[in-house]
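Below: the structure, in C-alpha cells.
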Amino acid sequence: MKPFEIMKGVYWVGAIDHDVRNFHGYSYTVHHGTTYNAYLVVGKKVALVDAVYGPFAEEMFDRISRIVDLQKIDYMISNHTETDHSGAVPEVLKRVPNATLVCTARAIDALKKHYRDGWKIQTVKTGDEINLGGKTLRFYEAPMLHWPESMFTYYVEEQLLMPNDAFGQHYASEERYADEVDQYVLWKEAEKYYANILWPLSRQVQRKIEEVLELKLPIKIIAPSHGLIWRKDPLQIATRYLQWAKGERTTNKVVITWDTMWQSTTKLARAIAEGVKDEGLTPLLRLIPHSDRSDTMAELLEAKGILVGSSTLHNEILPTVAPILSDLEVLKPEGKKCAAFGSYGWSGGAVKKIQEAMERGKMQVIMEPFTVKWVPTKEELDKAYEWGREFAKKVK
Ligand code: FEO
C-alpha cells in the first residue's frame, strides 16, 4: 500500500473503505464508502496526524513504513477520539512506545475510556505549537465540530489545515483530491455529511468558521479525515458550511415524505404535491419505505420545507414514520418550515404526533395539519391540493 505525497514532506497514509455502507451504527448510509485519512508530517521530527479505524491499521502501517521507520514517529496527534480515527492509536503507541500522544485536555478521558492509560501525553490548546524542525504544527480547539474534544491541526509553513471530521465527505476513491472526482457525487456527499452529522451543531459550526476566517489564516489546502482533499479554492467548502449553518442556501424544493396503510395518505401526498408544483416549487415525493432516511435529510438541508404524512394506527403514527421523526428531533433543522398531514379511521392522532416531533426539532410549523377520515373524497383531494398550494405560497 503506497503513501501519497500531498506536498513536500506531508503524506496521506490513510485507508480506503469501499465496502462500508452504514455509519454511526445504522443511523447514516454511506453509498459511496468512505476513507479514513491519516497524514504523516516528516520534518527533523515526525508527526502522525490522526490514525485510521482499527481494522485498517495494517494498511496505514504499510504506507508509513514506505516513508520512514515506524520508530521515527515522535508525535501521535489525535484531533478527535471517535474510533474511526483513534482506533489504530493504541497500536501506534504500542509499536512506538516513545511517541507522545498529543490531544486536547478533553480528549484524555475519552481515549482512556476507549482504550487504556499509561501513554506519554501532551495536552494542547488553541495556539499551542509543536516544532518538528522547520515544520510547525499549530493547534486550534474546535469543540463540537463535532465532539467536545475535537481540534484542528494546522501546518503553518505550508498553510495546510487538517480539521479532522470537518469538511469531510464519505466518498471512497482512488483519487485524493476533490477536484479529481465526480463533482455531483462529491457535493452531494458533502451535503449529506453536513445534514446528518453537523446540522444540529450549526451554531458552533458558524462560530468556529467565522473565528477561523477572522484569524485570516492563510489556507492552501484543507485535508479532512474523510474523503477527498480540497486544494482548488479550498475555502469553498468552508463558505458552503457557513451557508448551510445559517440556512442561507435553499433550492425551490419541498420534501414530502409519508407512509400509508391503504393508500389514503398516498392520495393526499400526491394531491398536495400537485398544489406545491402549481405554485412553482418542486415537490420531492419520498414514500418512506422506499426512501433512504439519511438521503431525505440531506435533501431537506437545502429544501424550502418539509411535509410529513402518516396514517393513524392505534392513535399513533405508523412505525415506519418514527425514524424520520427521530431525525427531525435529533438533527434539529431549526426554523425549517413544515406541516403534517395524514388519514385516520376510528380515531386520529398521527398528525398531532408528527407536529409535536417537528416542534421538538425547533422547526417552524406554518400550517394546521391536513387530515381526512377514511378514504379522501374528490372534494377532500381538492382541499389537499389547495393546502399544498398554500404551504408553497408561504415558503416561497
Ligand atoms: Fe469520523 Fe467523528 O468521526
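The values are calculated or read from the model by the stated rules, or taken from the named source; none is laboratory data. Please read these numbers as outputs of a predicted model, since none were measured by experiment. Reconstructed Cβ throughout: ideal geometry from the backbone, glycine too, with neighbour counts over all protein chains shown. All accessible areas refer to the heavy atoms of the entire protein, side chains included, with ligands and DNA or RNA removed. Shrake-Rupley method; radii C 1.70, N 1.55, O 1.52, S 1.80 Å.
Of the cross-linked pairs 125/208; 192/246; 208/396; 216/246; 220/304; 45/216, which ones have a Cα-Cα span greater than 25 Å in the structure shown? Can you show the working numbers first?
Values: 125/208 15 Å; 192/246 16 Å; 208/396 30 Å; 216/246 21 Å; 220/304 34 Å; 45/216 28 Å.
Exceeds cut-off: 208/396; 220/304; 45/216.
Report, as a whole number in µm² per second, the diffusion coefficient that Stokes-Einstein gives for region 179-285 at 4 °C and 1.567 mPa s using the Kirkwood radius over alpha carbon pairs. Before the final figure, lay out each step's value.
Values: Rh = 16.6 Å.
Reported coefficient: 78 µm²/s.
Relative to the longest principal Cα axis of the chain, at what angle does helix 378-395 sit, 0 to 90 degrees, rounded to 10?
40
Where does the chain land at 222 nm, in deg cm²/dmol rounded to the nearest 500, when only DSSP H runs of n ≥ 4 count, each adding -39500 (n - 2.57), divided by all residues? Before the final figure, lay out each step's value.
Working: 12 runs with 131 residues, N = 396.
Computed mean residue ellipticity for the chain: -10000 deg cm²/dmol.
Specify the inter-centroid distance of region 226-293 and region 309-372, based on alpha-carbon positions, in whole Å.
What the calculation gives is 17 Å, centre to centre.
With the contact rule set at Cα under 8 Å and sequence spacing of 6 or more, what percent relative contact order holds for region 253-395?
Working: 299 pairs, mean separation 44.6, N = 143.
For region 253-395, the relative contact order is 31 percent.
Under a plain spin-label model, where a point goes 7 Å from the Cα along Cα-to-Cβ, how far apart in nm are residue 375 and residue 261?
Distance between label points: 1.5 nm.
Would you mind working out the accessible area per residue for the chain, using a 1.4 Å probe, and quoting it in Å²? Can you show the working numbers first?
On the way: 16850 Å² over 396 residues.
Accessible area per residue: 43 Å².
Based on Cα positions only, what radius of gyration and what Dmax would you give for region 18-125, in angstroms?
Every Cα atom of region 18-125 included, Rg and Dmax give 14.1, 43 Å.
Any chance you could list the semi-axes, whole Å, largest first, of the equivalent ellipsoid that the Cα gyration tensor gives for region 72-189, using √(5λ)? If you can, show how the numbers build up before the last one.
Details: eigenvalues 131, 61, 44 Å².
They are 26, 17, 15 Å, listed largest first.
Compute the relative contact order of the chain as a whole-number percentage, counting only Cα pairs closer than 8 Å that sit 6 or more residues apart in sequence. Let's see the in-between values first.
Numbers: 871 pairs, mean separation 46.7, N = 396.
Relative contact order for the chain comes out at 12 percent.
For the chain, find the longest principal axis of its Cα atoms and tell me its angle to the long axis of helix 202-215, 0 to 90°, nearest 10.
Tilt relative to the chain: about 40 degrees.
Assigning unit charges at the beta carbon (Lys, Arg +1; Asp, Glu -1) and nothing else, what dipole magnitude in debye, to the nearest 20, does the chain show about its Cα centre? Could you put the intermediate results ahead of the total?
Values: 52 positive and 53 negative charges, 112 e Å.
Rounded to the nearest 20 debye, it is 540 debye.
How big is the C-alpha Rg of the chain next to the rule-of-thumb value 2.2 N^0.38 Å, as a ratio?
Taking the Cα Rg and dividing by 2.2 N^0.38 Å, one obtains 1.12.
Can you give me the Rg/Rh ratio for region 319-396, using Cα atoms for both radii and the Kirkwood formula for Rh? Please report the intermediate quantities before stating the final value.
Details: Rg = 13.2 Å, Rh = 13.3 Å.
Computed over Cα atoms, the ratio is 0.99.
Restricting things to Cα coordinates, could you compute the convex hull volume per residue of region 253-395 in Å³? Don't jump to the answer; show the numbers that get you there.
Working: hull volume 12.2 nm³, N = 143.
It comes to 85 Å³ per residue, whole-number rounded.
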